[in-house]
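The values are calculated or read from the model by the stated rules, or taken from the named source; none is laboratory data. Since the model is a prediction, treat every value here as computed from it, not as a measurement. Positions of Cβ are backbone-derived with ideal geometry, glycine not excepted, and every protein chain shown enters the neighbour counts. The protein model used for the area step is the full one, side chains on, heavy atoms only, and it has no ligands, DNA or RNA in it. Shrake-Rupley method; radii C 1.70, N 1.55, O 1.52, S 1.80 Å.
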Amino acid sequence: MSATKPGSSVERRFVTTPLGRIHVATAGTGFPVLLLHQTPRSWDEYRDVLPLLGCDFRAIAMDTLGFGDSDSPAGEPSIELWAEGAFAVLDALEAPRAAVVGHHTGAAIAVEMAASAPARVSALVLSACPFVDAARRAKHHGMRVIDDVETRTDGSHLTELWARRQPFYPADDTDLLQRFMIDALRAGEMAAEGHRVVNRYRMEDRLGSIQCPTLVIAPTGDPHVHPVAPKVAGAIEGSILRELSGGMVPLPDQMPEAFAGMVRDFIAAQVAKT
């Protein structure tokens, strides 16, 4: 079971943005590193990573709009809107430029941030990044997504959700699934909708626009994204592709030390060049 390791202390607070109040957790000082979570998680996905990165950087983990403790956005959610929310957090924290780290949905948001505002993203880490092109959009259109379960009065939908997620989590670590369940319940309808948002994103139009140094992390035990990691990396000029052996869907909280180390080494090397 994962546990917080020695590192920089974590502070939590809300920041007010034009899109609503957004919850953030921060650790450390120095160059800003923004951490973006997968659907339907929250900053808690980086609970163990945050203090480790805080030893070297100003690590910032936020709850994406509509998840965790952040406000729900007005209008239809989109990757573009969530990227706008992430930039609003950086504005509120007076961080005009940052390294951005995203996992699953967070990686899609990170792609949009780097493509839409290259002057603001100094380095990019895409962990377990989906590859969303026309073929994926067509394949997933109208399909049931993994966290789409119908609420039932006897609570059996909770068992169903647990069972649908369990194959993608370490068999001996119920703590990770419990943390997932807490976030999924808090997200409500967004637990399923967040996946549909990713499947609507025109990522193929954006990957080629990324200009900053980019690390693509491919967890070998994640069947959703490991096969497409070479496509993601190949579409970004000069990117580096690294596999993380044994990593599964909950990579940041499953293997926090290995994840933080890979992120730290890459970003530190980029910051040293500036």
request  = Ignoring everything but the protein chains, give the 1.4 Å probe accessible area of MET262 in square angstrom, nearest 10.
outcome  = 50 Å²
task = Using +1 at the Cβ of each Lys and Arg and -1 at the Cβ of each Asp and Glu in region 151-274, identify which of PRO227, CYS212, GLN166 lies farthest towards the dipole's positive end.
result = CYS212
task = Count the DSSP beta bridges whose two residues both fall in region 11-272, then state the antiparallel fraction as a percent rounded to the nearest 5.
result = 30 percent
inquiry  = Suppose each label sits 7 Å from its Cα in the direction of the beta carbon; what would the THR174-LEU241 distance come out to in nanometres?
reply    = 3.9 nm
query = Can you tell which of ALA83, ALA25, ALA135 shows the greatest fluctuation in a Gaussian network model of the chain with Cα springs below 10 Å?
reply = ALA135
ask   = For ILE146 and VAL271, what does the FRET efficiency come to when R0 = 25 Å and r is the distance between their Cβ atoms, rounded to the nearest 0.05?
value = 0.10
message = Connecting C-alpha atoms closer than 10 Å in a GNM of the chain, tell me which of GLY247, GLY261, GLY194 has the biggest fluctuation.
response = GLY261
ask   = Got a sec? Charge dipole of the chain, +1 on Cβ for Lys and Arg, -1 for Asp and Glu; which of LEU65, VAL125, SER245 is way out at the positive end?
value = VAL125
ask   = Which of LEU19, LEU52, LEU65 moves most in a GNM of the chain, Cα contacts under 10 Å?
value = LEU19
request  = Using +1 at the Cβ of each Lys and Arg and -1 at the Cβ of each Asp and Glu in region 11-272, identify which of CYS55, ILE22, PHE266 lies farthest towards the dipole's positive end.
outcome  = PHE266
request  = Would you mind working out the magnitude of the charge dipole of region 1-157 relative to its Cα centre, with +1 at each Lys and Arg C-beta and -1 at each Asp and Glu C-beta, to the nearest 20 Debye?
outcome  = 300 debye
ask   = Sorting THR16, THR26 by accessible area (1.4 Å probe), largest first, what list results?
value = THR16, THR26
query = How high is the FRET efficiency from GLU160 to GLU76, r the C-beta distance, R0 30 Å, rounded to 0.05?
reply = 0.65
Label-reachable residues, region 30-62, where backbone N falls under 20 Å from a point 7 Å from HIS224's Cα toward its Cβ = 35-49, 62
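Enumerate by residue number the GluC sites (Glu not before Pro) in region 54-114 meeting two conditions: DSSP loop (anything except H, G, I, E, B), and at most 14 other Cβ atoms within 10 Å of the site's Cβ.
Sparse-neighbourhood loop GluC sites (Glu not before Pro): GLU94.
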key: Gain in span if fully extended, ARG13 to ALA134, counting 0.36 nm per residue against the direct Cα distance   = 39.7 nm
query = Given +1 on the Cβ of Lys and Arg, -1 on the Cβ of Asp and Glu, and no further charges, what dipole in debye does the chain carry about its Cα centre, rounded to the nearest 20?
reply = 460 debye
query = Helix-derived [θ] at 222 nm for the chain: sum -39500 (n - 2.57) over DSSP H runs of at least 4, divide by residue count, nearest 500?
reply = -11000 deg cm²/dmol
